[in-house]
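Structure first, then comments.
The values are calculated or read from the model by the stated rules, or taken from the named source; none is laboratory data. For clarity, every value in this text was computed on a predicted model and none was experimentally measured. Surface areas here come from the heavy atoms of the whole protein model, side chains and all, with no ligands, DNA or RNA. Shrake-Rupley method; radii C 1.70, N 1.55, O 1.52, S 1.80 Å.
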Amino acid sequence: MKTMKLTKIIANLLLASSLITLMPLEAQAETVSKQSGKVIENTKSDKKGEWISVKNSYTYNRWYRIGDSWATGWQKIDGNWYYFNSDGSPAVATPERGSSWKQIDGKWYSFGANGIMKSNSIIVDYPDEYYVGADGALTQMPTSGWVKKQNALFDNWRYRIDNAWAKGWQLIDGKWYYFYVSGDMMTNCTKDGYRAGEDGVCVPV
């Protein structure tokens, strides 16, 4: 009877020992996957990281950490695209310019001060203007239709007609809009007896 109990105790100890041995190996495998700096599907990292303010020269930029490593390359975070250099620093606008351009795989992209890649919009790099498409890459300006304009201070809209910016009063889809000489749409302003709201639609005062 004592021999059976002793055998059972030894078996339980061996099982416990094997579990203790396996647990550190599983944790170690997870750590290695996180240290790669890449987002891996079906792991506990769950594509989530944290923003950390890092001082670079005299300014602070937000770097993104995934596990034990800084994020690098393209990263989609909360629905926005960012690009992080090999050292983890983000592509961001500089204090001297309204936008930051970076060439990646032969294409040019623009990033705001918050590091978010710009897309489907005019990029004002005074005195020049450029256009980036849906994928964020620099491309030709649309020949017609609404085009969003982004700069360091605020966003606005313009309207393209026959490869030129609409100016003055324009009736578009049954609604009146007014465009300045620059091509920017008038908002929150009164002109010629009409009031333009946030959306630029002008109605009689």
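At 1.4 Å probe size, with no ligands or nucleic acids counted, give the accessible surface of residue 105 in Å², nearest ten.
Roughly 150 Å² of residue 105 is accessible to a 1.4 Å probe.
Rolling a 1.4 angstrom probe over the protein heavy atoms, how many square angstrom per residue are accessible across segment 53-205?
58
Length gain on complete extension for the stretch residue 189 to residue 203, per 0.36 nm per residue less the alpha carbon to alpha carbon distance?
Value of the extension gain: 3.9 nm.
Tell me, what % of the accessible area of segment 85-205 is carbon and sulfur with a 1.4 angstrom probe?
On segment 85-205, the fraction of accessible area on carbon and sulfur atoms equals 50 percent.
Give me the number: length gained by fully extending residue 139 to residue 68, i.e. 0.36 nm times residue separation minus the C-alpha to C-alpha distance, one decimal in nm.
21.9 nm
If you stretched the chain out fully between residue 120 and residue 87, how much longer would it get, using 0.36 nm times the residue separation minus the C-alpha to C-alpha distance?
Contour length minus the Cα-Cα distance gives 9.0 nm.
Among the listed pairs 107/149; 118/149; 48/76; 76/118, which have their C-alpha atoms separated by more than 18 angstrom in this model?
In this structure, 107/149 exceed 18 Å between Cα atoms.
Not counting ligands, DNA or RNA, and with a 1.4 Å probe, what is residue 148's accessible surface area in Å² rounded to the nearest 10?
In the full protein context, residue 148 sits at about 60 Å².
Which value, in Å² rounded to 10, gives the accessible area of residue 180 with a 1.4 Å probe and all protein chains present?
It works out to around 90 Å².
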